[in-house]
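Structure, as structure tokens:
The values are calculated or read from the model by the stated rules, or taken from the named source; none is laboratory data. Please read these numbers as outputs of a predicted model, since none were measured by experiment. Cβ: placed from backbone, ideal geometry, glycine included. Neighbour counts: every protein chain shown. For accessibility, only protein heavy atoms count, side chains too; no ligands or nucleic acids. Shrake-Rupley method; radii C 1.70, N 1.55, O 1.52, S 1.80 Å.
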Amino acid sequence: MGTIYFDNAATSWPKPPQVLAAISDCLAEAGGNPGRAGHRLSIAAARVVEDARELVAGVFNAGDPSRIVFTQNATHALNLALYGLLRPGDRAVTTSVEHNSVMRPLRHLETQGVELTVVACRADGTLPLDEVRRALRPGTRMLVTTHASNVLGTVMPIGELAATAHAAGALCLVDAAQTAGAVPIDVERAGVDLLAFTGHKALLGPTGTGGLFIRPGLDVAPLMRGGTGSDSDRELQPGFHPDVHESGTLNVAGIAGLAAGVRFLREVGIDSVAAHERGLVAAFREQAAGIPGLTVYGPDEETSRCGVVSFNLAGVSSSDVAQMLDDSFGILARAGLHCAPSAHRTAGTFPDGTVRFAFGWFNTVDEIQAAAAALGELASWAARKVAWTV
Ligand SMILES: Cc1ncc(COP(=O)(O)O)c(C=O)c1O
């Protein structure tokens, strides 16, 4: 039995061979601490980081690379943006399909005096823009939105949302954990103020990488303070980018891998990745329509989707379906609530959750067909099970 990996929304796998090679080369040839010394291994490490920063800035059309701050993951980047900007008395608006990486910091900030409005999405994860406009009352500090739901795959119109936020005098923070590398993003065209991304999903880097784009002119208070290798004569945190937000030694080897992932994507083209994943979702939905008892969630329109699709099989829990897919068919998927209970409440799938297939660049239509055949078998088994129990 081979392996069919459909858990790319959790982390992508496999990584391109170039990513593995870049990590190994970095450790062998650029193994110093970046920015901490004048010797060649330190300078080589700093070059790895700055090259990666330029590549990442390029992929998001972010202009000045220093406005890309490296973090451990998207959660770290989101915490930096939220805790760095929201203060007691501020008002924030978000959506009901957010991941807990957004929801938990916001709910905690609520206990610290930040007023929070959660705009209810429709069951397919689409966001009623009129409700967003209503929620963005004058004086709102920030609109926080995911770019794509990690449960339903629904892609949000971030350009329209940023413009709506700005019209109300608010900032717009986008959680691009599911879209960076999978859906083209142009931060300048979209006009977003902050964009949190992760390196280990569609950007094809290793775990332990991610970052935050902070638009020029916007000051965010640092989450951590400490050694940066710069301004070492001072006991106060440097105020300049990116050092203000990069205290402590960075994950240089991971960042080298992330850069190799981004290079790979530049060759493939993120447009092609988006089209490929949309095609796989469409193929899956077509096959799923013929499987009795299978309910697929999320929007119908393929253009407002990324490569994530959630479903349930009548009469079988999502965790049992995922377990049987793994044990009997070698298909790896994630079941349950996907760290997004509010998204499941929105979809009507709380507390049991769903099975989630999350496709990536390396998945194929043949794999979709194999998965549909497996689900067909499970559906027949489930129907027989129901017949025996009545
Ligand atoms: C929408 C969304 N936001 C945030 C995260 C957190 O990403 P990370 O694991 O890189 O912190 C995820 C990961 O599953 C996600 O899907």
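Rolling a 1.4 Å probe across the protein heavy atoms gives region 21-71 an accessible surface of 46 Å² per residue. Could you please state how large a percent of the accessible area of the chain is carbon and sulfur, counting protein chains only and using a 1.4 Å probe? Using a 1.4 Å probe with all protein chains present, the chain comes out at 52 percent carbon and sulfur. Coupling constants for region 258-273 follow from the phi torsions by the Karplus curve (6.51 cos²θ - 1.76 cosθ + 1.60, θ = phi - 60°), and in residue order they are 4, 4, 5, x, 5, 4, 4, 5, 4, 6, 6, x, 5, 4, 5, 4 Hz; glycine and proline get x. Counting Lys and Arg as +1 and Asp and Glu as -1 over every other residue whose Cβ lies under 14 Å from the Cβ of residue 217, the net charge comes to -2. For region 128-276, a crude dipole built from +1 on the beta carbon of Lys and Arg and -1 on the beta carbon of Asp and Glu, taken about the Cα centre, is about 280 debye to the nearest 20. From the Kirkwood radius over Cα pairs of the chain, Stokes-Einstein at 4 °C and 1.567 mPa s returns a whole-number translational diffusion coefficient of 60 µm²/s. Which angle between 0 and 90 degrees, to the nearest 10, do you get for helix 74-85 versus the longest principal axis of the chain when only C-alpha atoms count? Helix 74-85 sits roughly 50 degrees off the main axis of the chain. What the Cα atoms of region 305-388 give is an Rg and a Dmax of 13.2, 41 Å. The antiparallel fraction among DSSP beta bridges confined to region 72-226 stands at about 25%. Rounded to the nearest 0.05, the FRET efficiency derived from the C-beta distance between residue 282 and residue 327 at R0 = 35 Å is 0.80. Packing around the peptides 18-24, 174-180, 249-255, taken as the average count of other Cβ atoms within 10 Å per residue, puts them in this order, highest first: 174-180, 249-255, 18-24. Expressed as a fraction of 2.2 N^0.38 Å, the C-alpha radius of gyration for region 1-44 is 1.74. Placing +1 on each Lys and Arg Cβ and -1 on each Asp and Glu Cβ, with no other charges, gives region 183-257 a dipole about its Cα centre of roughly 300 debye. Put simply, when 190-197, 285-292, 121-128 are sorted by average Cβ atoms within 10 angstrom per residue, most first, you get 190-197, 121-128, 285-292.
For region 187-262, the solvent-accessible area with a 1.4 angstrom probe is 39 square angstrom per residue. By DSSP, the beta bridges lying fully in the chain are antiparallel in about 50 percent of cases. To the nearest ten degrees, helix 318-329 and the longest principal axis of the Cα atoms of the chain are 80 degrees apart. Each of the peptides 80-91, 35-46 was scored by the mean count of other Cβ atoms within 10 Å over its residues; in descending order, highest first, they stand as 80-91, 35-46. At what distance in nm do the modelled label points of residue 116 and residue 271 sit from each other, each positioned 7 Å from its Cα along Cα→Cβ? Each label point is offset 7 Å from its Cα along the Cβ direction, giving 3.9 nm. Computed from the Cβ-Cβ distance with R0 of 25 Å, the FRET efficiency linking residue 365 to residue 289 stands at 0.95. Please list, in order, the residues from region 82-122 whose amide nitrogen is less than 15 Å from a point placed 7 Å along the Cα→Cβ vector of residue 319. Taking a point 7 Å out along Cα→Cβ of residue 319, no residue of region 82-122 has its backbone N under 15 Å. Once both labels are positioned 7 Å from their Cα atoms along Cα-to-Cβ, the gap between residue 108 and residue 345 label points is 2.0 nm.
Per-residue extension of 0.36 nm, minus the Cα-Cα distance of residue 51 and residue 380, leaves a gain of 113.1 nm for this segment.
Could you give the angle, 0 to 90 degrees to the nearest 10, between helix 365-389's Cα long axis and the longest principal axis of the Cα atoms of the chain? With rounding to tens, the tilt is 50 degrees. At a probe radius of 1.4 angstrom, the accessible area of region 305-390 per residue rounds to 41 square angstrom. When +1 charges are put on Lys and Arg Cβ atoms and -1 charges on Asp and Glu Cβ atoms, the dipole computed for region 1-101 relative to its Cα centre reaches about 240 debye.
The simple Förster model, with R0 at 25 Å and r as the Cβ-Cβ distance, assigns residue 61 and residue 303 a FRET efficiency of 0.75.
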